[in-house]
Amino acid sequence: MKPIQLACIVGARPNFMKMAPLLRALDAETLAGKVVATLIHTGQHYDKNLSEVFFEELGMRRPDLSLEVGSGSHAVQTARVLERMEEVLGKGPAGGGRFDRLVVVGDVNSTMAASLAAVKMGISVAHVEAGLRSFDRTMPEEINRIVTDSISDMLLVSDPAGIENLAREGHPAEQVHLVGNVMIDTLMRMLPRARELDGPGRLGLQAGHYGVVTLHRPANVDDPDVLAGLVDVLVDISADIPLVFPVHPRTTERLTRAGLLGRFEQAPGIHLLSPLGYLDFLSLTSQARVIVTDSGGLQEESTVLGIPCLTMRPNTERPVTVEEGTSTLIGSDPDKLRRHLVEVLEGRYRQGRCPDLWDGQAAGRIAALLVADIKGDAA
Ligand code: UD1
(Lines give C-alpha, C1' and ligand atoms only; values in the text may rest on other atoms or scores of the structure.)
Protein backbone atom coordinates (compact mmCIF):
# COMPACT_ATOMS: atom_id res chain seq x y z
CA MET A 1 0.00 0.00 0.00
CA LYS A 2 1.23 3.51 -0.84
CA PRO A 3 2.24 5.63 2.18
CA ILE A 4 -0.07 8.42 3.31
CA GLN A 5 1.24 11.79 2.15
CA LEU A 6 0.92 14.54 4.76
CA ALA A 7 1.82 18.21 4.29
CA CYS A 8 2.75 19.60 7.73
CA ILE A 9 2.74 23.38 8.10
CA VAL A 10 4.76 25.67 10.38
CA GLY A 11 5.03 29.44 10.11
CA ALA A 12 5.50 31.34 13.34
CA ARG A 13 7.24 30.83 16.67
CA PRO A 14 4.42 29.12 18.57
CA ASN A 15 4.05 26.51 15.80
CA PHE A 16 7.47 24.93 16.13
CA MET A 17 7.13 23.44 19.60
CA LYS A 18 3.77 21.94 18.58
CA MET A 19 4.94 20.45 15.29
CA ALA A 20 8.30 19.08 16.54
CA PRO A 21 6.91 16.15 18.58
CA LEU A 22 4.29 15.38 15.96
CA LEU A 23 6.89 15.20 13.22
CA ARG A 24 9.00 12.95 15.41
CA ALA A 25 6.02 10.64 15.95
CA LEU A 26 5.19 10.60 12.23
CA ASP A 27 8.82 9.92 11.29
CA ALA A 28 9.15 7.15 13.89
CA GLU A 29 10.06 3.68 12.78
CA THR A 30 6.71 2.31 13.88
CA LEU A 31 5.10 4.30 11.09
CA ALA A 32 7.87 3.72 8.54
CA GLY A 33 6.36 2.99 5.16
CA LYS A 34 2.88 4.04 6.32
CA VAL A 35 3.24 7.79 6.24
CA VAL A 36 5.46 10.44 4.66
CA ALA A 37 5.42 13.93 6.21
CA THR A 38 6.54 16.88 4.08
CA LEU A 39 7.43 19.85 6.30
CA ILE A 40 6.52 23.26 4.83
CA HIS A 41 7.65 26.51 6.51
CA THR A 42 5.66 29.54 5.36
CA GLY A 43 8.34 31.96 6.60
CA GLN A 44 5.86 34.13 8.57
CA HIS A 45 8.62 34.33 11.18
CA TYR A 46 12.11 34.54 9.73
CA ASP A 47 14.34 36.10 12.45
CA LYS A 48 16.86 33.59 13.78
CA ASN A 49 15.45 33.92 17.31
CA LEU A 50 11.84 33.53 16.21
CA SER A 51 12.43 30.59 13.87
CA GLU A 52 15.84 28.99 13.17
CA VAL A 53 16.77 28.53 16.82
CA PHE A 54 13.75 26.29 17.38
CA PHE A 55 14.85 23.88 14.65
CA GLU A 56 18.29 23.66 16.24
CA GLU A 57 17.12 23.21 19.81
CA LEU A 58 14.07 21.02 19.29
CA GLY A 59 15.99 18.71 16.96
CA MET A 60 13.38 19.25 14.28
CA ARG A 61 14.44 18.40 10.76
CA ARG A 62 14.77 21.27 8.28
CA PRO A 63 11.71 22.20 6.20
CA ASP A 64 11.39 20.38 2.90
CA LEU A 65 9.92 23.56 1.43
CA SER A 66 10.11 27.23 2.46
CA LEU A 67 7.60 29.77 1.18
CA GLU A 68 9.36 32.87 2.55
CA VAL A 69 6.22 34.98 2.88
CA GLY A 70 7.74 37.29 5.53
CA SER A 71 5.94 40.13 7.32
CA GLY A 72 3.10 42.29 6.05
CA SER A 73 -0.44 43.29 6.90
CA HIS A 74 -2.78 40.42 7.73
CA ALA A 75 -4.25 40.50 4.24
CA VAL A 76 -0.85 40.56 2.55
CA GLN A 77 0.58 37.78 4.71
CA THR A 78 -2.53 35.63 4.26
CA ALA A 79 -2.63 36.24 0.52
CA ARG A 80 1.02 35.31 0.06
CA VAL A 81 0.56 32.04 1.96
CA LEU A 82 -2.58 31.23 -0.06
CA GLU A 83 -0.84 31.84 -3.36
CA ARG A 84 2.36 29.98 -2.55
CA MET A 85 0.60 27.08 -0.83
CA GLU A 86 -1.65 26.55 -3.81
CA GLU A 87 1.41 26.20 -6.01
CA VAL A 88 3.20 23.82 -3.63
CA LEU A 89 0.15 21.66 -3.01
CA GLY A 90 -0.53 21.56 -6.75
CA LYS A 91 2.93 20.12 -7.38
CA GLY A 92 2.36 17.44 -4.74
CA PRO A 93 4.91 15.53 -2.64
CA ALA A 94 8.52 15.03 -3.81
CA GLY A 95 8.02 11.45 -4.97
CA GLY A 96 4.96 12.35 -7.08
CA GLY A 97 1.26 11.85 -6.43
CA ARG A 98 -0.99 14.02 -4.28
CA PHE A 99 -1.04 15.14 -0.68
CA ASP A 100 -3.69 13.17 1.22
CA ARG A 101 -3.97 15.65 4.05
CA LEU A 102 -2.70 18.94 5.42
CA VAL A 103 -1.74 19.11 9.10
CA VAL A 104 -1.80 22.52 10.78
CA VAL A 105 -1.21 23.58 14.38
CA GLY A 106 -2.36 26.57 16.45
CA ASP A 107 -3.92 29.82 15.30
CA VAL A 108 -1.44 32.02 13.46
CA ASN A 109 -2.09 33.53 10.03
CA SER A 110 -0.12 30.73 8.36
CA THR A 111 -2.39 28.10 9.97
CA MET A 112 -5.54 29.64 8.57
CA ALA A 113 -4.17 30.55 5.14
CA ALA A 114 -2.58 27.16 4.48
CA SER A 115 -5.81 25.39 5.50
CA LEU A 116 -7.86 27.54 3.18
CA ALA A 117 -5.55 26.87 0.22
CA ALA A 118 -5.71 23.11 0.88
CA VAL A 119 -9.44 22.71 1.35
CA LYS A 120 -10.15 24.61 -1.89
CA MET A 121 -7.96 22.06 -3.67
CA GLY A 122 -9.88 19.15 -2.18
CA ILE A 123 -7.16 18.28 0.36
CA SER A 124 -8.60 17.61 3.79
CA VAL A 125 -7.23 19.38 6.84
CA ALA A 126 -6.35 18.13 10.34
CA HIS A 127 -6.16 20.95 12.92
CA VAL A 128 -4.09 20.35 16.04
CA GLU A 129 -5.24 22.58 18.93
CA ALA A 130 -8.76 22.82 17.53
CA GLY A 131 -11.76 24.14 19.45
CA LEU A 132 -10.05 26.89 21.45
CA ARG A 133 -12.30 29.97 21.67
CA SER A 134 -11.75 33.27 23.45
CA PHE A 135 -15.11 34.55 22.07
CA ASP A 136 -13.24 37.77 21.32
CA ARG A 137 -13.43 38.43 17.61
CA THR A 138 -11.17 41.46 17.86
CA MET A 139 -8.25 39.03 18.15
CA PRO A 140 -6.84 37.93 14.79
CA GLU A 141 -6.09 34.52 16.31
CA GLU A 142 -9.79 33.98 17.15
CA ILE A 143 -10.72 34.56 13.51
CA ASN A 144 -7.95 32.19 12.47
CA ARG A 145 -9.26 29.52 14.86
CA ILE A 146 -12.88 29.82 13.72
CA VAL A 147 -11.98 29.72 10.03
CA THR A 148 -9.50 26.86 10.39
CA ASP A 149 -11.86 24.71 12.44
CA SER A 150 -14.76 25.37 10.10
CA ILE A 151 -12.85 23.93 7.12
CA SER A 152 -11.01 21.11 8.94
CA ASP A 153 -12.46 17.62 9.05
CA MET A 154 -10.15 16.23 11.72
CA LEU A 155 -10.27 18.34 14.88
CA LEU A 156 -7.64 17.44 17.45
CA VAL A 157 -8.50 19.02 20.77
CA SER A 158 -6.33 19.68 23.83
CA ASP A 159 -8.95 20.11 26.57
CA PRO A 160 -12.66 19.33 27.13
CA ALA A 161 -13.80 22.96 26.57
CA GLY A 162 -12.73 22.50 22.95
CA ILE A 163 -15.08 19.54 22.57
CA GLU A 164 -18.00 21.65 23.85
CA ASN A 165 -17.15 24.59 21.57
CA LEU A 166 -16.94 22.41 18.48
CA ALA A 167 -20.18 20.57 19.32
CA ARG A 168 -21.95 23.94 19.73
CA GLU A 169 -20.69 24.98 16.30
CA GLY A 170 -22.15 21.83 14.78
CA HIS A 171 -19.04 19.75 14.11
CA PRO A 172 -19.92 16.04 13.98
CA ALA A 173 -18.58 14.20 17.05
CA GLU A 174 -16.72 11.64 14.91
CA GLN A 175 -14.47 14.41 13.56
CA VAL A 176 -13.49 15.63 17.03
CA HIS A 177 -10.80 13.87 19.11
CA LEU A 178 -9.55 14.79 22.59
CA VAL A 179 -5.82 14.08 22.28
CA GLY A 180 -4.18 16.28 24.93
CA ASN A 181 -1.66 19.05 24.55
CA VAL A 182 1.13 18.53 22.07
CA MET A 183 3.05 21.60 23.26
CA ILE A 184 3.39 19.96 26.66
CA ASP A 185 5.06 16.98 24.94
CA THR A 186 7.88 19.35 24.02
CA LEU A 187 7.98 20.95 27.45
CA MET A 188 8.31 17.61 29.23
CA ARG A 189 10.98 16.40 26.82
CA MET A 190 13.08 19.56 27.07
CA LEU A 191 12.71 20.43 30.76
CA PRO A 192 15.71 18.45 32.09
CA ARG A 193 18.03 20.07 29.51
CA ALA A 194 16.56 23.53 30.14
CA ARG A 195 17.18 23.24 33.89
CA GLU A 196 20.83 22.33 33.27
CA LEU A 197 21.35 25.64 31.48
CA ASP A 198 20.93 27.71 34.65
CA GLY A 199 19.27 30.64 32.86
CA PRO A 200 18.74 32.61 36.09
CA GLY A 201 22.34 32.15 37.27
CA ARG A 202 23.69 33.45 33.98
CA LEU A 203 21.75 36.69 34.52
CA GLY A 204 22.97 36.94 38.10
CA LEU A 205 19.54 35.90 39.41
CA GLN A 206 18.47 33.26 41.89
CA ALA A 207 15.94 30.54 41.09
CA GLY A 208 12.52 31.49 42.50
CA HIS A 209 13.49 35.12 43.01
CA TYR A 210 12.64 36.81 39.72
CA GLY A 211 9.71 37.20 37.33
CA VAL A 212 9.48 36.66 33.56
CA VAL A 213 7.53 39.10 31.36
CA THR A 214 6.42 38.72 27.72
CA LEU A 215 4.08 41.16 25.96
CA HIS A 216 3.41 41.46 22.25
CA ARG A 217 -0.33 41.61 21.61
CA PRO A 218 -1.75 44.76 19.99
CA ALA A 219 -4.15 45.31 22.95
CA ASN A 220 -1.18 45.76 25.30
CA VAL A 221 1.53 47.29 23.16
CA ASP A 222 -0.12 49.32 20.38
CA ASP A 223 -1.76 52.07 22.49
CA PRO A 224 1.02 54.20 24.07
CA ASP A 225 -1.16 55.03 27.12
CA VAL A 226 -1.91 51.39 27.87
CA LEU A 227 1.73 50.48 27.35
CA ALA A 228 2.87 53.34 29.62
CA GLY A 229 0.56 52.09 32.42
CA LEU A 230 2.06 48.61 32.23
CA VAL A 231 5.63 49.95 32.05
CA ASP A 232 4.97 51.98 35.27
CA VAL A 233 3.88 48.90 37.24
CA LEU A 234 6.65 46.67 35.94
CA VAL A 235 9.33 49.27 36.71
CA ASP A 236 7.91 49.78 40.25
CA ILE A 237 7.68 46.06 41.01
CA SER A 238 11.19 45.45 39.69
CA ALA A 239 12.46 47.28 42.77
CA ASP A 240 11.11 44.34 44.84
CA ILE A 241 11.73 41.45 42.44
CA PRO A 242 13.91 41.53 39.30
CA LEU A 243 12.01 41.02 36.04
CA VAL A 244 13.41 39.38 32.90
CA PHE A 245 11.74 40.60 29.69
CA PRO A 246 12.68 38.99 26.35
CA VAL A 247 11.15 41.51 23.96
CA HIS A 248 9.30 40.54 20.76
CA PRO A 249 10.36 42.71 17.77
CA ARG A 250 6.98 44.44 17.49
CA THR A 251 7.12 45.37 21.20
CA THR A 252 10.61 46.82 20.85
CA GLU A 253 9.29 48.91 18.00
CA ARG A 254 6.25 50.09 20.00
CA LEU A 255 8.30 50.88 23.14
CA THR A 256 10.75 52.89 21.07
CA ARG A 257 8.02 54.77 19.22
CA ALA A 258 6.23 55.62 22.51
CA GLY A 259 9.52 56.83 24.06
CA LEU A 260 9.23 54.18 26.80
CA LEU A 261 12.23 51.97 26.14
CA GLY A 262 14.47 54.26 28.24
CA ARG A 263 12.26 53.75 31.32
CA PHE A 264 13.01 50.03 31.20
CA GLU A 265 16.67 50.55 30.35
CA GLN A 266 17.16 52.82 33.36
CA ALA A 267 15.48 50.44 35.83
CA PRO A 268 18.18 48.27 37.48
CA GLY A 269 15.69 45.48 38.22
CA ILE A 270 14.55 45.08 34.60
CA HIS A 271 16.58 42.73 32.38
CA LEU A 272 15.68 43.43 28.75
CA LEU A 273 16.70 40.62 26.39
CA SER A 274 16.22 39.78 22.71
CA PRO A 275 13.70 37.00 22.06
CA LEU A 276 15.13 33.77 23.47
CA GLY A 277 15.42 30.27 22.12
CA TYR A 278 13.22 27.53 23.56
CA LEU A 279 15.73 26.13 26.05
CA ASP A 280 16.94 29.46 27.42
CA PHE A 281 13.36 30.63 27.82
CA LEU A 282 12.19 27.44 29.51
CA SER A 283 15.21 27.58 31.79
CA LEU A 284 13.97 30.99 32.97
CA THR A 285 10.22 30.33 33.11
CA SER A 286 10.52 27.00 34.88
CA GLN A 287 12.38 28.58 37.82
CA ALA A 288 10.54 31.90 38.00
CA ARG A 289 8.46 33.15 40.93
CA VAL A 290 5.85 34.63 38.59
CA ILE A 291 5.12 35.02 34.88
CA VAL A 292 3.40 38.08 33.37
CA THR A 293 2.36 37.41 29.78
CA ASP A 294 -0.12 37.87 26.97
CA SER A 295 1.08 34.70 25.21
CA GLY A 296 -1.33 31.83 24.65
CA GLY A 297 1.13 28.99 25.05
CA LEU A 298 2.76 30.36 28.16
CA GLN A 299 -0.55 30.16 30.03
CA GLU A 300 -0.44 26.41 29.41
CA GLU A 301 3.26 25.96 30.14
CA SER A 302 3.02 27.86 33.43
CA THR A 303 0.08 25.69 34.44
CA VAL A 304 2.15 22.54 33.93
CA LEU A 305 5.17 24.10 35.65
CA GLY A 306 3.02 25.23 38.60
CA ILE A 307 4.22 28.85 38.28
CA PRO A 308 1.71 31.71 38.93
CA CYS A 309 0.77 33.30 35.59
CA LEU A 310 -0.74 36.78 35.38
CA THR A 311 -2.30 36.79 31.93
CA MET A 312 -2.49 40.25 30.36
CA ARG A 313 -5.69 39.53 28.49
CA PRO A 314 -9.37 40.24 29.26
CA ASN A 315 -10.29 36.72 28.16
CA THR A 316 -8.63 33.46 27.24
CA GLU A 317 -9.23 30.69 24.74
CA ARG A 318 -7.60 28.41 27.28
CA PRO A 319 -10.03 28.58 30.26
CA VAL A 320 -8.66 25.37 31.75
CA THR A 321 -5.51 27.31 32.69
CA VAL A 322 -7.66 29.59 34.86
CA GLU A 323 -10.10 26.95 36.18
CA GLU A 324 -7.52 24.24 36.92
CA GLY A 325 -4.14 25.85 36.33
CA THR A 326 -2.22 28.81 37.67
CA SER A 327 -3.42 31.61 35.39
CA THR A 328 -5.36 34.74 36.43
CA LEU A 329 -6.81 37.11 33.82
CA ILE A 330 -5.61 40.67 34.36
CA GLY A 331 -6.66 42.40 31.13
CA SER A 332 -4.51 45.47 30.48
CA ASP A 333 -5.34 46.92 33.92
CA PRO A 334 -2.19 48.22 35.68
CA ASP A 335 -3.84 48.35 39.14
CA LYS A 336 -4.99 44.75 38.91
CA LEU A 337 -1.53 43.72 37.73
CA ARG A 338 0.05 45.48 40.72
CA ARG A 339 -2.41 43.88 43.21
CA HIS A 340 -1.81 40.39 41.89
CA LEU A 341 1.96 40.80 41.74
CA VAL A 342 1.90 41.83 45.39
CA GLU A 343 -0.28 38.80 46.20
CA VAL A 344 2.27 36.49 44.55
CA LEU A 345 5.20 38.15 46.33
CA GLU A 346 3.41 37.77 49.66
CA GLY A 347 2.91 34.05 48.98
CA ARG A 348 -0.89 34.26 48.79
CA TYR A 349 -1.29 32.83 45.26
CA ARG A 350 -3.31 29.63 44.80
CA GLN A 351 -1.93 26.30 43.54
CA GLY A 352 -3.14 24.66 40.33
CA ARG A 353 -3.32 21.18 38.84
CA CYS A 354 -2.21 19.78 35.49
CA PRO A 355 -5.16 19.16 33.12
CA ASP A 356 -5.88 15.60 31.98
CA LEU A 357 -3.93 14.30 28.98
CA TRP A 358 -1.28 17.02 29.27
CA ASP A 359 1.06 14.13 29.80
CA GLY A 360 3.77 14.32 27.14
CA GLN A 361 2.07 11.68 24.95
CA ALA A 362 -0.25 13.76 22.76
CA ALA A 363 1.82 13.52 19.55
CA GLY A 364 1.69 9.72 19.56
CA ARG A 365 -2.11 9.82 19.90
CA ILE A 366 -2.38 12.29 17.01
CA ALA A 367 -0.04 10.29 14.74
CA ALA A 368 -2.09 7.15 15.36
CA LEU A 369 -5.31 8.97 14.42
CA LEU A 370 -3.78 10.47 11.28
CA VAL A 371 -2.67 7.07 10.04
CA ALA A 372 -5.88 5.27 11.00
CA ASP A 373 -8.18 7.91 9.55
CA ILE A 374 -6.83 7.92 6.04
CA LYS A 375 -6.77 4.13 5.91
CA GLY A 376 -10.47 4.44 6.63
CA ASP A 377 -10.38 2.49 9.87
CA ALA A 378 -10.60 5.31 12.42
CA ALA A 379 -12.68 4.68 15.52
C1 UD1 B 1 2.33 36.04 15.51
C2 UD1 B 1 0.94 35.42 15.71
C3 UD1 B 1 0.61 35.39 17.21
C4 UD1 B 1 1.73 34.74 18.01
C5 UD1 B 1 3.04 35.44 17.70
C6 UD1 B 1 4.20 34.83 18.46
C7 UD1 B 1 -0.69 35.89 13.94
C8 UD1 B 1 -1.94 36.64 13.63
N9 UD1 B 1 -0.10 36.21 15.10
O10 UD1 B 1 2.24 37.39 15.93
O11 UD1 B 1 -0.57 34.64 17.39
O12 UD1 B 1 1.44 34.84 19.39
O13 UD1 B 1 3.28 35.34 16.28
O14 UD1 B 1 5.40 35.47 18.23
O15 UD1 B 1 -0.29 35.05 13.18
N16 UD1 B 1 8.76 40.44 12.90
C17 UD1 B 1 10.14 40.42 12.93
N18 UD1 B 1 10.75 39.24 12.67
C19 UD1 B 1 10.09 38.10 12.36
C20 UD1 B 1 8.68 38.15 12.32
C21 UD1 B 1 8.03 39.32 12.62
O22 UD1 B 1 10.78 41.42 13.19
O23 UD1 B 1 10.73 37.06 12.15
C24 UD1 B 1 8.08 41.72 13.20
C25 UD1 B 1 7.64 42.44 11.96
O26 UD1 B 1 7.73 43.81 12.21
C27 UD1 B 1 6.18 42.05 11.83
C28 UD1 B 1 5.77 41.95 13.29
O29 UD1 B 1 6.91 41.44 13.96
O30 UD1 B 1 5.45 42.95 11.08
C31 UD1 B 1 4.59 41.08 13.53
O32 UD1 B 1 4.84 39.77 12.99
P33 UD1 B 1 3.59 38.84 12.59
O34 UD1 B 1 4.08 37.53 12.11
O35 UD1 B 1 2.67 39.60 11.70
O36 UD1 B 1 2.80 38.67 13.95
P37 UD1 B 1 3.31 38.46 15.46
O38 UD1 B 1 3.03 39.70 16.23
O39 UD1 B 1 4.70 37.90 15.49
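The values are calculated or read from the model by the stated rules, or taken from the named source; none is laboratory data. Since we're looking at a predicted model, the values are computed, not measured. Positions of Cβ are backbone-derived with ideal geometry, glycine not excepted, and every protein chain shown enters the neighbour counts. These accessible areas exclude ligands, DNA and RNA; they are computed on the full protein's heavy atoms, side chains included. Shrake-Rupley method; radii C 1.70, N 1.55, O 1.52, S 1.80 Å.
Quick notes
- Residue check for Ala267: within 16 Å of the ligand (Cβ to nearest atom), among the hydrophobic types (A, V, I, L, M, F, W, C) and out of contact with any strand residue (DSSP E or B) (no Cβ under 6 Å at 6 or more places or on another chain): no
- Filtering the range 47-91 to residues that are polar (S, T, N, Q), assigned to a loop (DSSP other than H, G, I, E, B) and surrounded by fewer than 18 Cβ atoms within 10 Å (Cβ to Cβ) leaves Ser71, Ser73.
- Considering residues of the range 295-329 that are closer than 16 Å to Pro14 by Cβ and surrounded by fewer than 23 Cβ atoms within 10 Å (Cβ to Cβ) only, the residue nearest to the ligand (Cβ to nearest atom): Ser295
- Count of the range 71-103 residues which are within 12 Å of the ligand (Cβ to nearest atom) and aliphatic (A, V, I, L, M): 3
- Only residues that are assigned to a helix (DSSP H, G or I) and either surrounded by 13 or more Cβ atoms within 10 Å (Cβ to Cβ) or at pLDDT below 95 (or both) were counted across the range 340-355, and they come to 5.
- Being hydroxyl-bearing (Ser, Thr, Tyr), in the same structural domain as Pro218 (by TED's automatic domain parsing) and in contact (Cβ under 8 Å) with a residue 60 or more places away in the chain is a property that holds for Thr316.
- Per the conditions (1) touching a Ser or Thr at 6+ places or on another chain (Cβ under 8 Å); (2) within 16 Å of the ligand (Cβ to nearest atom), the sole criterion not satisfied by Glu169 is (2).
- Subset of the range 106-145 that is among the acidic types (Asp, Glu) and under 23 Å from Gly331 (Cα atoms) - its residue that is farthest from the ligand (Cβ to nearest atom): Asp136
- Residues in the range 44-70 that are free of Cβ contacts under 8 Å to residues at least 40 places away in the same chain and among the polar types (S, T, N, Q) were compared, and the one that is nearest to the ligand (Cβ to nearest atom) is Ser51.
- Leading residue by the ranking (farthest from the ligand (Cβ to nearest atom)) among those in the range 4-43 that are open to solvent by 50 Å² or more (accessible area, probe 1.4 Å) and in a loop (DSSP other than H, G, I, E, B): Gly33
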